[in-house]
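Okay, structure first, notes after.
FYI, it's all coordinate maths here, none of it is from the lab. Everything numeric here is computed off the predicted structure, so don't read it as measured data. FYI the Cβ positions are ideal-geometry reconstructions off the backbone, even for glycines, and counts take in every protein chain you see.
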Amino acid sequence: MPRPSMMPPVVFINLDRDVERRERLLAQLHQLPLESQRFPAVWWADIPPAQAQQWYSETLNARQYYKPLGNGEKGCYASHLSVWRQLLDGDAPALVVLEDDVRLGPQFVAAVEAIAALSEPWDMVKLLGRTSEKIRSQRALLSGMALLDYSRVPSLAAGYVISRSGATKLLAHRQPFGRPIDVDLRFWWECGPFRTLGVSPAVVELDETSLVSSIWGEGRDTLTLAQRGRKFSMKLALTAGNAWHRRRLPRF
């Protein structure tokens, strides 16, 4: 089905084995007037060593994060990197990226069209959010919907719109990576002046399949004392870096 002129294409990331998630999301997408495509998620164990080293750095991980990443986390990040490259290899001005455990709200299409029509510069707009976010300012995007300028970017990465400028910056600064993608996106200043916005109310939410993750294994929250200390230090670095660099960005 052809997409409206202002509607960017939609890509959703889905492991080959996750048939139920794929079918649930496709059932939603097929009801909407948009162009959508499945991206087969990266299965990290199948990645050649040379490519794995290009994407993920153990040295960077030890410096930036409090524990080594699991294969699921690496594959998730590599999938998003590949989708960003796909955007730049095409001619679309922006791309909607979804993970496969989401439910689309009734204003999903209208919100994405409004985002695509924004005249001000932006790199990423998150479509998924919590009921209460830390924001600096906001303005109307649609009737009953606000465009948010975060004071602190949330960690959720299951639904967003990314521009060509955003994809260019992330590919330049996030290869290799050392943190999970949702954490890495919070350190936005490492990619230069990277502007992440959001919408409220959110037009994407996690569905019930998200309660059983395809990424996390058992023992996710079992940390050693040393790892707890490194996690605390990482949070301090996030808070300080965000506060220092945020003040330099323009408000609405």
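Any idea what the relative contact order of the chain is, in percent, if you count C-alpha pairs under 8 Å spaced at least 6 apart?
Value for the chain: 25 percent.
Give, in nm to one decimal, the length gained when the segment between K67 and L225 is fully stretched (0.36 nm per residue of separation minus the Cα-Cα distance).
That works out to 55.7 nm of additional length.
Could you rank the peptides 194-206, 47-59 by their average count of other C-beta atoms within 10 Å per residue, with the highest value first?
Peptide ranking by packing, descending: 194-206, 47-59.
Could you list log10 I(q)/I(0) for the chain at q = 0.10 Å⁻¹, which the Debye formula gives when each Cα is one point scatterer?
For the requested q values the scattering log ratios are -0.48.
If we sort 226-239, 105-118, 20-33 on the protection proxy, mean other Cβ atoms within 10 Å, highest first, what's the order?
105-118, 20-33, 226-239
Computed over the Cα atoms of the range 47-142, what is the ratio Rg over Rh, Rh following Kirkwood?
In the range 47-142, Rg relative to Rh is 1.02.
Tell me the net charge near D184. Cut-off is 11 Å between Cβ atoms, D184 excluded, with +1 for each Lys or Arg and -1 for each Asp or Glu. Let's see the in-between values first.
Numbers: positive: R174, R179, R186; negative: E73, D182, E190.
Taking every other residue near D184 into account, the sum is 0.
Taking the Cβ of P193 as the centre, find all other residues whose Cβ is under 9 Å away and add up their charges (Lys, Arg: +1; Asp, Glu: -1). Before the final figure, lay out the partial values.
Details: positive: K169, R195, R248; negative: D123.
In short, +2.
What length, rounded to one decimal in nm, is gained on full extension from E23 through to R130, with 0.36 nm per residue of separation minus their alpha-carbon distance?
Difference between extended and current length: 36.0 nm.
According to the Kirkwood expression over distinct Cα-Cα pairs, how big is the hydrodynamic radius of the range 125-252, in Å?
Kirkwood hydrodynamic radius for the range 125-252: 16.3 Å.
From the helices alone, meaning DSSP H stretches of at least four residues, give me the mean residue ellipticity at 222 nm for the chain, per-run term -39500 (n - 2.57), in deg cm²/dmol to the nearest 500.
Rounded to the nearest 500, the figure is -10500 deg cm²/dmol.
Within a Cβ distance under 12 Å of Q138, other residues only, what is the Lys/Arg minus Asp/Glu net charge? Don't jump to the answer; show the numbers that get you there.
Numbers: positive: K134, R136, R139, R251; negative: E133, D149.
Taking every other residue near Q138 into account, the sum is +2.
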